[in-house]
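No lab work stands behind these numbers, since they all come straight from the coordinates. What you see is a predicted model, and the numbers here were worked out from it, not measured in a lab. Every residue, glycine as well, gets a Cβ built from its backbone with ideal geometry; the counts of neighbours run over all protein chains shown.
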Amino acid sequence: MVKQKLIQITTYFLMVILLTGCWDQISIEEHGFVVGSAIDKANDYSDENMNLSLTNQIVSPAGLGTPAGGGNNKSPFVNVTATGTSIFTINRNMVQEISRAPFYEHVRLLIVSEEVAREPEIFASILDIFIRDQEMRRGIKIMIAKNKAKELLEIKPEPEQLPVRYLDMISDNNYKSIDMIDPVTLGNVHDFLLNNKSYVLPKISLSENEVDYKGAAVFHGLNDNMVAELTAQETKGMNLVKGDVNGGVIKFKVEDHVMTFELEGAKSKIKIDPKDPKNMDISVNVEVEGRLAEMYGSKTLLDPSYLSKIEEKVAKKIEKLANQTIDKAQKEMKLDIFDFDKILKQKHYSIWKRIKKDWEDGENYFANSRIDVSADVQIRETGATNRAKGKRHE
């Protein structure tokens, strides 16, 4: 009898727990699914009134019908903007403007305007809630907008229905272009911030509804703000030094004829001699493989000496691109955007421990280092023909 009562009491207790487990449940129809966010300075932003503007792109399920359905003129998304002195405050203000509370578990992209990114400490501060909030995912991609970030959420992409999805897919095409950098996630940036390490983020701009995803924004690891930018050509140089290349093209000239070399892969071998920290010797050897994608002129590629000449010209162009970026990094920015510090830490830890505070700051050993770049190029393929037209008569 006692045993039976104990079973009944236990059963009732379990039922109470299960029934109260979802007391705060919100129906999926009541969520405002945010897929992307943009942060700008508000119109009244000043040193005394540091208001920010947050724009969320929220999916509208009613507008996501297929073209075959017909008769659906509703937009598949809605952009909602609110202002405030902090992202948390703005989010609370936004609840008053829409019927559905913003739900951030599906955010894929965060775009921050260059204006905001250049403000000291502001960039790291606005990321705090994205890092801290349990709804956020560390895989959120971060980009820096040349002008207003919210304008990128208002484009009309084809064939995608959502601007955020279009921008997200463009960022994944970096393997086809050497003047783009790999997507950088919220988790990556969090690591940079914790280690006070300088880093680069993808730069994106908009002109007449055309998106340009080239170049990079450079951030100072100590001040946590954007201090410079790399052009498309300078980004090529950085990628080649780091060996972060899976594809892309390089244009060059041979005997005044324009040619195009398609990279199929590149890796760099970096050696550092840290004996004299004030004047370190860093050697970078870039090994490249690819094919000749396009050529002008009538010479045959069956001539080994001519093919070697082409490889030499490509190598010289790679060295030039790399040296231009290195020169800017050392003389203008004085920041190590090539991850040389990682190699020092891994292979010369005792020395790195002694000089790390002066690598980019203080004595700035990075800026004083001697960096030598060499390139080795191998053309693996020349196409379906050794030349495209006959040789001219002399």
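Before moving on, here are some points about what is shown:
- Cα gyration tensor shape for the stretch 144-281, rounded if a/c is under 1.5, else prolate or oblate: oblate
- Rounded FRET efficiency, nearest 0.05, which uses the C-beta distance separating residue 185 from residue 50 and R0 of 30 Å: 0.65
- All C-alpha pair distances within the stretch 160-212, sorted into 10 Å bins from zero, spread as 20, 45, 29, 6 percent across the bins.
- Per-residue extension of 0.36 nm, minus the Cα-Cα distance of residue 209 and residue 283, leaves a gain of 22.4 nm for this segment.
- Furthest towards positive pole of dipole, 159, 183, 117, structure part the stretch 110-243, Cβ charges: 183
- Annotation: Cα Rg of the stretch 232-394 relative to the compact-globule expectation 2.2 N^0.38 Å equals 1.25.
- Across q = 0.19, 0.24 Å⁻¹, the stretch 95-175 modelled as identical point scatterers on its alpha-carbon atoms has Debye log10 I(q)/I(0) values of -1.05, -1.35, in the order of the q list.
- With only Cα atoms counted, the stretch 26-230 has Rg and Dmax values of 16.8, 54 Å.
- Net charge dipole size for the stretch 265-319 [Lys, Arg +1 and Asp, Glu -1 on Cβ; Debye, nearest 20]: 80
- Assigned charges on the beta-carbon of Lys, Arg, Asp, Glu; the stretch 232-394 dipole about Cα centre (debye): 60
- Nearest-0.05 FRET efficiency for residue 97 and residue 156, computed from C-beta distance (R0 30 Å): 0.80
- Debye, to nearest 20: dipole size of the stretch 26-230, +1 on Lys, Arg Cβ, -1 on Asp, Glu Cβ: 400
- Using a simple spin-label model with pseudo-atoms 7 Å out from Cα toward Cβ, residue 346 and residue 301 lie 3.4 nm apart.
- Of 271/331; 141/271; 253/347; 242/309; 214/331; 148/269, pairs whose Cα-Cα distance is over 30 Å: 141/271; 253/347; 148/269
- The stretch 103-224: C-alpha gyration tensor shape, a/c 1.5 cut-off, then a/b vs b/c: prolate
- Here the simple spin-label model places points 7 Å from the Cα toward Cβ, and for residue 320 and residue 273 these points are separated by 2.9 nm.
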